[in-house]
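A short write-up of the structure that comes next.
What follows is calculated from the coordinates using simple rules that are stated; it is not laboratory data. A quick note: this is a predicted structure, and the numbers were derived from the prediction, not measured. Note that each Cβ is placed from the backbone with ideal geometry, even for glycine, and that neighbours are counted across all protein chains shown.
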């Protein structure tokens, strides 16, 4: 390709020289005629010199223009290739993203017209772009050559598919994926994605940070002194909910806790909400009507299975501890949701088999008038929790799933909240000791100073990764 560029440019310069050479030969003839007029010789020599200098300037302009459109073409096919990796996109959306990226990169396209041809392979494994630009010359018109063309070609080939570890599903809200203050998301080996078409669908404020293999927004990215690495791609294709076909678990009859729980809770200070567990206990799977509250200094272990929170939230507050291996939570009803308080300890991993295999959390898809689980946290002993910060915008009601815990380091599995808002405002790392964590939610909002770590070490766990957010790695090969 580089050889081709030199041929194009040398040919262009040759055309300029072919126009200037006769003038140079005439000047030489006058110079050999000793009896000629010196003024004529000087004038012709000056004209020739100006032509040569002008030709060199135009040649440099062509070199710069060709380099510039090659860089733009490379950037365009890489953007299109990343879209192919993330999802089985439709061809039109990949062509549109590639074309738009090239146009955005070529700043002078209005002055120097550009034509762009983008092709996507029928098997969606590569995207190719050919770009040609007409460059207007400054000195060329003096020799009858007012413009010249430069061209570039690039191809990005997909090897495998990229890991998708975070997806905000909201189609149009500002801040569907929103990081504020000193919040961080670390996802080195996978992709962060927002489906919102809003110009601020992805937001980074203050000192917030996001680090991932790819960061992509279907709309725009509002950068308010944030540090996202790499810079988010914008106008990306929308990803269809990859878990939309997952079947909900059955909702059975209500589990009745021993009366001892109510008695102990009353003696130590009656808790808000239903089904309090104020002491060390081992719980069985089932449907907890009104939700479940792990409180005081209790250490609660969950036996493997599915825990349905019906018409009430799962709350772990005070200094309580909640642990469970092979467990899943399903939330149903307007009053459902989740809150892990600041001083709690959380260690959970998803089931390896069954209807919720790979899913640590899931929810009913419809909600009408959700409530904030923070309203059910007791204010005794100075344990005050502020109301959950409101979203920047919303396209529909959302349940609230809030993690404030400074010791929730093992959260292994996939969190799937198609009608939920995951809010993290802890001050220490969350999920950093999990082999992998995947989040697919209506909105994902981080505040304060948490670092949500989304590992992708799928081989280090027997917990399966749901199809659609899978463990297949991928990379792009760029050729010119």
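Sorting 186-193, 227-234 by average packing, meaning the other beta carbons within 10 Å per residue, from highest down gives 186-193, 227-234. Peptides 69-76, 393-400 ranked from most to least packed give 69-76, 393-400, packing being the mean of other C-beta atoms within 10 angstrom over each peptide's residues. Here 346, 57 are placed in order of increasing Cβ neighbour count within 10 Å, fewest first, which gives 57, 346. One compactness figure for region 164-473 is 0.94, namely its Cα radius of gyration divided by 2.2 N^0.38 Å.
Under 12 Å from the 7 Å Cα→Cβ point of residue 323, by amide nitrogen: which residues of region 336-371? Under cut-off, by backbone N: 345-349.
Evaluated at q = 0.13, 0.14, 0.18, 0.23 Å⁻¹, a Debye calculation over the C-alpha positions of region 272-404 (equal weights, vacuum) places log10 I(q)/I(0) at -0.51, -0.59, -0.98, -1.50. Would you please give the FRET efficiency between residue 104 and residue 299, computed as 1/(1 + (r/R0)^6) with r the Cβ-Cβ distance and R0 = 56 Å, to the nearest 0.05? Given R0 = 56 Å and the Cβ-Cβ separation, E is 0.55. Each of 260, 452, 137 has some number of other Cβ atoms within 10 Å of its Cβ, and from fewest to most they run 260, 137, 452. Between residue 211 and residue 71, the simple label model (points 7 Å from Cα in the Cβ direction) yields a spacing of 2.6 nm.
For the peptides 428-438, 366-376, the ranking by mean Cβ contacts within 10 Å, running from highest to lowest, is 428-438, 366-376.
With a Förster radius of 30 Å applied to the beta-carbon distance between residue 480 and residue 227, the computed FRET efficiency rounds to 0.45. Ordering 314, 264, 167 by the number of other Cβ atoms within 10 Å of each residue's own Cβ, fewest first, gives 264, 314, 167. Full extension of the chain segment joining residue 254 with residue 115 gains 43.5 nm, where the gain is 0.36 nm per residue of separation less the Cα-Cα distance.
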